[in-house]
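Have a look at the structure below, then the notes.
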Amino acid sequence: MLAILKAQDVGKAYESGLIFKKQHIVLQGITLAVNEGKTLGLMGVSGSGKTTLGMMLAGLERPTSGRVLFAGKDLASMRGPEFLAFRRQVQMVFQDPEGSLNPRKSIEKSIHEVLSLLKIPPREWRDRTGEILETVGLSEELLCRYPAQISGGQCQRLALGRVLLLQPTVIILDEPTSALDISVQAQILNLLRDLQRDLGLAYLLISHQPEVIRFMAHETIILESERTLEEKAKRRWI
């Protein structure tokens, strides 16, 4: 299997104090690989640095030590258009999808915002909007509504849809179902599996729920006390 996104001996530390500097180590010596078309599960107790690691892999945070590689190239060496291309290829979906949506914009405008950034001609917006809504299982009747007027599951589907417009190869999912009801969780997880099968997506799935990891992941990494422990968790589905 080909590793598309890698962390090599990655660490992250924050400094505090104006005169007497104190260093708080969040992560150290983390090595992992997300393979093309596969799901890597990332588990760990609260405060173990799961989200921080996800943000470094997405290029939203810089590691203090080590390297993050995408398609074999170090993110630290990427400049300008090359880094922007990487940011399109590796996307992140957060635990609170409503928080990533502008509450003052309708669902339609939230989708059109992405299409505009992609420089898609306005004459194509209606068709592209309909296609992405169908992909994530949403009705066009929701287009006139605002984030606060739709359910948590619908918000998560919309967040996925906006990400899919960018045609990524890797999606980092940070607790994507933990705020949802059990029945809605199952719907979102099945949607993610279907999208992976149909589009060949690779996932880094961050979760504290073992049952979610067992259902989704081909293999699992456990973060514990600022270090990684590898667990041979093989998947039950193809």
Quiz item: Would it be correct to say that ALA76 is crowded, with 21+ Cβ neighbours inside 10 Å and within 14 Å of ALA7 (Cα to Cα)?
Solution: no
Exercise. Considering every residue within segment 117-135, establish whether at least one is aromatic (Phe, Trp, Tyr), within 24 Å of GLY37 (Cβ to Cβ) and without any contact (Cβ under 8 Å) to a residue 60 or more places away in the chain.
Key: no
Quiz prompt | Residue satisfying condition, being in contact (Cβ under 8 Å) with a residue 24 or more places away in the chain and touching a Phe, Trp or Tyr at 6+ places or on another chain (Cβ under 7 Å), within set VAL26, VAL10 | solution = VAL26
Quiz item: Taking segment 116-142 on its own, how many of its residues are closer than 24 Å to ALA186 by Cα and surrounded by 15 or more Cβ atoms within 10 Å (Cβ to Cβ)?
Solution: 7
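Okay, residues lined up against (1) modelled with pLDDT under 95; (2) more than 16 Å from the chain's Cα centre (by Cα); (3) outside any loop (DSSP other than H, G, I, E, B); (4) under 22 Å from LEU199 (Cα atoms):
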{"position": "GLU61", "(1), (2), (3), (4)": "yes, no, no, no"}
{"position": "ARG67", "(1), (2), (3), (4)": "no, yes, yes, no"}
{"position": "PHE86", "(1), (2), (3), (4)": "no, no, yes, yes"}
{"position": "GLN91", "(1), (2), (3), (4)": "no, no, yes, yes"}
{"position": "GLY99", "(1), (2), (3), (4)": "yes, no, yes, no"}
{"position": "ASN102", "(1), (2), (3), (4)": "yes, yes, no, no"}
{"position": "LYS105", "(1), (2), (3), (4)": "yes, yes, no, no"}
{"position": "SER110", "(1), (2), (3), (4)": "yes, yes, yes, no"}
{"position": "LYS119", "(1), (2), (3), (4)": "yes, yes, no, no"}
Practice problem: Within segment 159-176, identify whether any single residue is farther than 30 Å from ALA3 by Cα and either of a type outside the set (A, V, I, L, M, F, W, C) or in a loop (DSSP other than H, G, I, E, B) (or both), and answer yes or no. | Solution: no
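Yes/no per residue for (1) exposed (fewer than 15 other Cβ atoms within 10 Å of the Cβ); (2) touching a residue at least 60 places away in the same chain (Cβ under 8 Å); (3) basic (Lys, Arg); (4) in contact with a strand residue (DSSP E or B) (Cβ under 9 Å, 6 or more places away or on another chain):
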| residue | (1), (2), (3), (4) |
| --- | --- |
| ILE30 | no, yes, no, yes |
| ALA33 | no, no, no, yes |
| LEU42 | no, yes, no, yes |
| VAL45 | yes, yes, no, yes |
Quiz prompt | Scan of segment 121-142 for residues that are over 24 Å from the mean Cα position of the chain (by Cα) and not in a helix (DSSP H, G or I), ordered by number | solution = PRO121
Quiz item: Do you know which residues across segment 38-52 are under 12 Å from the mean Cα position of the chain (by Cα) and assigned to a loop (DSSP other than H, G, I, E, B)?
Solution: none
Practice problem: Kindly indicate the residue of segment 138-164 that is free of Cβ contacts under 8 Å to residues at least 60 places away in the same chain and touching a Pro at 6+ places or on another chain (Cβ under 8 Å) and also nearest to LEU195 (Cα to Cα) among those meeting that condition. | Solution: CYS155
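The values are calculated or read from the model by the stated rules, or taken from the named source; none is laboratory data. Note that the structure is predicted; figures quoted are calculated from it, not measured. When we count neighbours, we look across all protein chains shown, and the Cβ atoms used for this are built from the backbone with ideal geometry, even at glycine.
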